[in-house]
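One structure is given below, encoded as structure tokens.
Derivation of every value follows stated rules applied to the coordinates shown; laboratory data play no part. Bear in mind that the values here come from a model prediction, so they are computed numbers and not experimental data. Quick reminder, even Gly has a Cβ in these numbers, built from the backbone with ideal geometry, and neighbours come from all protein chains shown.
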Amino acid sequence: MNGAESGTGSAGLSALWELLAGQFDGGFGGGFEGGFSIWLPTGSALVLFGLLGMLLAASILRKLLAFNVMGSGIFLLLLALRPTGPDGVADPVAQALILTGIVIALAATALGVRLARRYFELTGQTELPEDRDTARDD
Amino acid sequence: MLEALSWLLLALAALFFSAGTLGLLRLPDTLSRIHALTKADNLGLGLAALALLLHAESWAAAAQIGLIWLLALAASAASGYLIARRCLLEAHQVNHKPGAAP
Amino acid sequence: MIAADLLLALALLLLAAAALLARSVQIGSVLFIAFGLVLALVWVRLGAPDVALAEAAIGAGVAGALLLLAASEFESRRSGSASARAAGPRLPWPRPQRSRPRWVLGALALACAGLLLLAAQAIEPLAGAATEAVAHALPQAEIAHPVTAVLLSFRAYDTLLEIAVLLAAVVAVKAAPAPLQRPLPHDPVLARVTALTVPLALLVAVYLLWAGSSRSGGAFQAGAVLAGAVLLARFASLPLDPQSHLTRPPLLALGLAVFILIGLGAGALAGAALGYPAGWVKPLVLAIEAALMVSIAATLVALFGGGKAA
């Protein structure tokens, strides 16, 4: 690091590093044993991917894919927030919620796929009109 | 001793799976890739199943692991065959296989 | 265990990115199925085998297959147009030719996800509160498996509504007439393999249903396996054709009907809606789950669409 780095910059960086490193004390793990779980950022990253996919993708099917990825990210967050029980089994209420969520996400996906196929039948297009401006996609 | 044998089998299984993946990435066309995948991956799965068999709690669990291996073998063989058939059909441009197929 | 978790998380993120950025939606769907399977492993790692079963069967299997089917259909009907081939490498993202600011959307998404992460980190985990509460109430519910107890006893209302949502989805899907399916050519290898696998799948489905009362399993996983068996029979053109028999409206509505009947009827005896009289819990729950299994299988098969072969 050359001395030209401003004091505030490096102070901010070191504060950030301490914030992150302090969280690592408990180590990684399946649950909240130490306070940091790798599944929280993983779930958030999946939600990010899903959001980006739904906003930026052109084809309806890609949006549905992104929707599913985002749903999986939310479920991961749900379970990562609940510490595992004494025998290593996860929280049953969270499990039940996620099970319900998986099934309903599937129902929504199936409806979306059927609508996409019907739209394709009627118009021959795989994108909605407002997304249709651009390069070939499918 | 049993533990060391398990580890050895798992390492071998990982080796075979890597070989299969290498084939998937480097071989030129679909048919040869299927060849690499079905052979190497099934053998890798068999070795992994054997490694787990050594640690099974009961004969029933061991039988279940064996059954899992057999079913995975059948599924892999059937899907490999289906992909290869589709590949051949497309190569010969026979038009009787419709698009909306599994 | 750190390395295993790290590898799993990395694989998950890479597969998700690959599925979303794939050249074509078909490739993306296959990668999505792989993503679902790795996610099932993650569920096991987090101590949730029920969710792992459901994710592998429903989340990866059915959803991935649906998307793959639709993508293949789009691809094949479009393969006639020469311009599609001549356009060069296809990009999954629209080029910035319009004024829609892509980077603004990207920044928004990033901000949302970042906020989500921060909020999740800030949540104080109620250490085991729900697990203990469930464990306390479990003997009273007379169901051995906590997740099944939560699904069908403590939060039975959620499950009831979930079944109703599935039924609504099926009604909506059936409202759009299915495109005519050309008959698949008969394949001897597939027929033979299917003839061996389908009975085994039926056995596994019934076992999962039975095991749900004391181990991981239950109606959803069993229904998904049953749906897989029926779809396999259809794709192999087995002479039985269980699909058209299964997707009739009575069977589709059976789960909801039985659930409501038993919930209200037995509830009247027990003094609370969706409650069960003491001592009768196990057979009633099993009856509900069996009806649910049939309905869920019928729903999943119907969601695939394409009834009779043309």
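Obtain the nm distance between the two label points defined at C:VAL171 and C:LEU14 by a simple spin-label model: each point lies 7 Å from its Cα along the Cα-to-C-beta direction.
With each label placed 7 Å out from Cα toward Cβ, I get 4.6 nm.
Whole angstrom only: what separates the Cα centroid of the range C:189-263 from the Cα centroid of the range B:1-51?
Centre-to-centre distance over Cα atoms comes out at 32 Å.
When Rg is the radius of gyration of the Cα atoms in the range B:2-91 and Rh is its Kirkwood radius, what does Rg/Rh come to?
My calculation puts Rg/Rh at 1.08.
Please turn the phi angles of the range C:261-267 into ³J(HN,Hα) values with the Karplus equation 6.51 cos²θ - 1.76 cosθ + 1.60 (θ = phi - 60°), one per residue in order, whole Hz, x for glycine and proline.
Rounded to whole hertz, the list is 4, 5, x, 7, x, 5, x.
Can you give me the relative contact order of the range B:2-91 as a percent, contacts being Cα pairs under 8 Å and 6 or more apart?
32 percent
Taking the number of other C-beta atoms within 10 Å as the exposure measure, put A:TRP39, B:TRP7, C:TRP103 in order starting with the fewest.
C:TRP103, B:TRP7, A:TRP39
Can you tell me the length gained on complete extension of the stretch B:LEU24 to B:TYR81, counting 0.36 nm per residue apart and subtracting the Cα distance?
Here the segment from B:LEU24 to B:TYR81 would lengthen by 18.9 nm.
In 10 Å bins starting at 0, how do the alpha-carbon pair distances of the range C:206-271 split up by percent?
19, 33, 34, 10, 3
For C:LEU203 and C:LEU108, what is the calculated FRET efficiency with R₀ set at 41 Å and r taken between the beta-carbons, to the nearest 0.05?
The formula returns an efficiency of 0.25 here.
What is the percent of Cα-Cα separations in the range C:1-75 that go past 14 Å?
When all Cα pairs of the range C:1-75 are counted, 60 percent exceed 14 Å.
Spelling out what I want: for every residue of the range C:187-201, take phi, set θ = phi - 60°, compute 6.51 cos²θ - 1.76 cosθ + 1.60 (Karplus), and round to whole Hz; glycine and proline get x.
Here the 3J(HN,Hα) series is 10, x, 5, 4, 4, 5, 4, 5, 4, 7, 7, 4, x, 4, 5 Hz.
Once the piece of chain linking B:ILE68 and B:LEU12 is laid out straight, how much longer is it, given 0.36 nm per residue of separation minus the C-alpha distance between them?
The span from B:ILE68 to B:LEU12 would gain 18.2 nm if fully extended.
As an exercise, take the mean of 1/r over every pair of distinct alpha carbons in the range C:143-310, invert it, and state the Kirkwood radius in angstroms.
Taking the inverse mean of 1/r over all distinct Cα pairs, the range C:143-310 comes out at 16.8 Å.
Roughly what would the spin-label model give for C:ALA257 and C:LEU41, points 7 Å off Cα along C-beta, in nm?
4.4 nm
Fewest Cβ neighbours within 10 Å first, please rank A:PHE49, A:PHE67 accordingly.
Least to most surrounded, the residues fall as A:PHE67, A:PHE49.
For A:ALA90, which sequence-distant residues (separation of 5 or more, or a different chain) have an amide H within less than 5 Å of its own amide H, given hydrogens modelled in the peptide plane?
Under 5 Å from the amide H of A:ALA90: A:GLY85, C:ALA48.
Treating only the Cβ atoms of Lys and Arg (+1) and Asp and Glu (-1) as charged, compute the dipole magnitude of the range C:143-310 about its Cα centre; round to the nearest 20 debye.
Result for the range C:143-310 is approximately 200 debye, rounded to the nearest 20.
Of C:GLU289, C:GLU124, C:GLU75, how do they rank once you tally other Cβ atoms within 10 Å and put the fewest first?
Listing C:GLU289, C:GLU124, C:GLU75 from fewest to most nearby Cβ atoms yields C:GLU124, C:GLU75, C:GLU289.
Could you work out the helix-only [θ] at 222 nm for chain B, with each DSSP H run of four or more residues adding -39,500 (n - 2.57) and the total divided by the number of residues, to the nearest 500 deg cm²/dmol?
Here the helix-only value at 222 nm equals -26000 deg cm²/dmol.
What residue among B:ALA13, B:ALA62, B:ALA40 shows peak mean-square fluctuation when chain B is described by a Gaussian network model with Cα springs under 10 Å?
Answer for the Gaussian network model of chain B: B:ALA62.
Using the Karplus equation 6.51 cos²θ - 1.76 cosθ + 1.60 (θ = phi - 60°), what ³J(HN,Hα) coupling, rounded to whole Hz, does each residue of the range C:206-219 give in order, writing x for Gly and Pro?
The phi angles translate into 5, 5, 4, 4, 5, 6, x, 7, 10, 9, 5, x, x, 5 Hz.
Would you calculate the separation in nanometres between label points at B:LEU31 and B:TRP59, each defined as 7 Å from the Cα along the Cα-to-beta-carbon direction?
Between B:LEU31 and B:TRP59, the label points sit 4.6 nm apart.
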